[in-house]
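Data first, discussion second: the structure below is written as structure tokens.
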Amino acid sequence: MKKKIVVLLGANQYLRERALAGARQCTQAEIWIADPAAIKNKNRYFDGSLLANPYDVEKIIKEIELLKDRELASVIPLNDWVLESANRVNAHFGLPALSDKTIVRARNKYEMKLAFLEHGVPAANYYLLSKDEELLAAITHVGLPAIIKPYDFGGSGGVFVAHTYDEAVKYLAESRTLISSNRKAFKIQGDKYLVEEYINSTDEVSVEVICFKGKYKTITVTEKYLSPEPWFSEIGHLVPSFRHENNEVRLLAEKACESLGIEFGLAHVEIKIRDSKLYVIEAAARPGGDGIMDQVEAAFGINPYALHIGAYLGVDTTEVNIPSPRGTAAIAFLKAKEGVISGIEDIDCSELDQSISSLKITTEVGKISEPPKNWSAREGVVEFFWPDYFESKKTLLPIKNAQNLSEKIFKVE
């Protein structure tokens, strides 16, 4: 009898390691990854590895077909970049998969906007920019200030707010430069942009929704913290938000998932709140990144990756009971002052506040600390847990504590 395998694409990425534990909870199958350099970089946490780039559909299929004593149960995507490849492989082997239409809508922000419009999901006004000469028309259509963003990228990369036309010209050029340096690595087109109405509000949440064959269930609402303008880099996440039980937020997130036709697994929906009105910014057909899933597990005692993986394996995980939060968990990113990092203080763990559950430095002496434009400008990660539920207002504790730690740890010249 052949052994079954589940291939997790993206599970060997930093801050997605708990996907392995989630898979162990919901299947007896072997857990594999895809890594073209696996022979030189063997990851012993997993049962095996396909010698393939996780974006390379043909190579993944070939590697699976070479496993004569194994049978594929599912290839499961854990980030945006592998969404298409995972589902194309599943479709090739006749396994449950998202439709091509859903994948396009979940990755192409213009197609996503069209789906929102079709299904009555409130979103910011927008203009699809194909060439720079259309910028004035785009600004005229949506007004100022305006958001400029690549239509098929992520991680807040290349996203700016422009308050004048001259700023729009400048930031579009900066965004194009960033995209040109990342296009190949992330397998994106990067040839078009969305110019959007600016929903001017610091109130932003993400909603983690489990989807299964037309059924949708919100797990929790996450409070988001963003860097100062003109950027929108995520600098922290707190679970659960004091809006955790807000039914309007929950229902809108679920409607956004339905509008994209997400049939399996977790979805990550971002919502802005201005003057009590809700606007869906984006929806992704995969688990939330930046360690949000780890915060969900810490706060609720359930591994959300198990719900995601179980759905791809044919289990209706919308039926799983979501317990009340047993506390509040948060992740924040360390940010040194701008300049060259000349020293990094070695912090004694015994001296850390009891609310800190983990601390990791991701930079080194001699590196340049840049403004918080996107994910690439972070110097480290700190996680917190409090046995309290902040139920009345947005707390700034994770951000203030991360700033204090950054000032203590990093010396900059």
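Here, each number is a calculation from the coordinates, and none is a lab measurement. This is a predicted model, so every value here is computed, not measured. Virtual Cβ from ideal backbone geometry, glycine too; neighbours counted across all protein chains shown.
Some points to look at:
- Out-of-range pairs (alpha-carbon distance over 30 Å; input 215/272; 131/394; 62/373; 131/337): 131/394; 62/373; 131/337
- The phi-based Karplus calculation (6.51 cos²θ - 1.76 cosθ + 1.60; θ = phi - 60°) puts the 3J(HN,Hα) values of the range 163-171 at 9, 9, 5, 4, 5, 4, 4, 4, 6 Hz, whole numbers, x for Gly and Pro.
- √(5λ) per eigenvalue of the Cα gyration tensor, the range 228-332, largest first, Å: 22, 18, 14
- Extension reserve of the residue 40-residue 413 stretch, reckoned as 0.36 nm per residue once the Cα distance is removed: 130.5 nm
- The 3J(HN,Hα) values that the Karplus relation (6.51, -1.76, 1.60; θ = phi - 60°) gives for the range 208-224 are, in residue order, 9, 10, 9, 10, 7, 6, x, 10, 9, 9, 6, 7, 6, 10, 10, 7, 10 Hz. Gly and Pro appear as x.
- Amide hydrogen neighbours beyond the local backbone of residue 334, cut-off 5 Å, H modeled: 379, 380, 381, 382
- Positive-pole candidate from 74, 165, 310, dipole of the chain, charges at beta carbon: 74
- Under a 5 Å amide H cut-off, with hydrogens placed 1.01 Å from N, residue 222 pairs with 206, 207, 208, 241 among residues at least 5 apart or on other chains.
- A simple rule links phi to the HN-Hα coupling: the Karplus curve 6.51 cos²θ - 1.76 cosθ + 1.60 with θ = phi - 60°, which for the range 192-200 gives 9, 9, 9, 10, 10, 4, 8, 8, 7 Hz, with x for Gly and Pro.
- Quotient of C-alpha Rg and 2.2 N^0.38 Å, computed over the range 1-122: 1.14
- Our estimate of slack between residue 393 and residue 364, defined as 0.36 nm per intervening residue step minus the Cα-Cα distance, is 6.8 nm.
- Farthest positive-ward along the chain dipole, Cα basis, beta-carbon charges - from 64, 235, 340: 64
- Charge dipole magnitude, Cβ of K and R +1, D and E -1 - the range 211-361, Cα centre, debye nearest 20: 560 debye
- The range 358-397 and the range 122-151 have Cα centres lying 31 Å from one another.
- Cβ-based charge dipole, the chain, positive-most Cα from 181, 249, 214: 214
- Rounded to the nearest 20, the size of the Cβ-charge dipole of the range 160-261 about its Cα centre is 660 debye, with Lys and Arg at +1 and Asp and Glu at -1.
- Between the range 245-291 and the range 20-86, the alpha-carbon center distance in angstrom: 28 Å
- Between 184, 373, 215, the GNM of the chain built on Cα springs shorter than 10 angstrom shows 184 fluctuating the most.
- Student exercise, the range 29-75 dipole from Lys, Arg, Asp, Glu Cβ charges, in Debye to nearest 20: 220 debye
- Cut-off 9 Å between beta-carbons: net charge of the residues surrounding residue 161, Lys and Arg +1, Asp and Glu -1: -2
- Across the range 292-413, the relative contact order, built from alpha-carbon pairs under 8 Å that are at least six residues apart, equals 34 percent.
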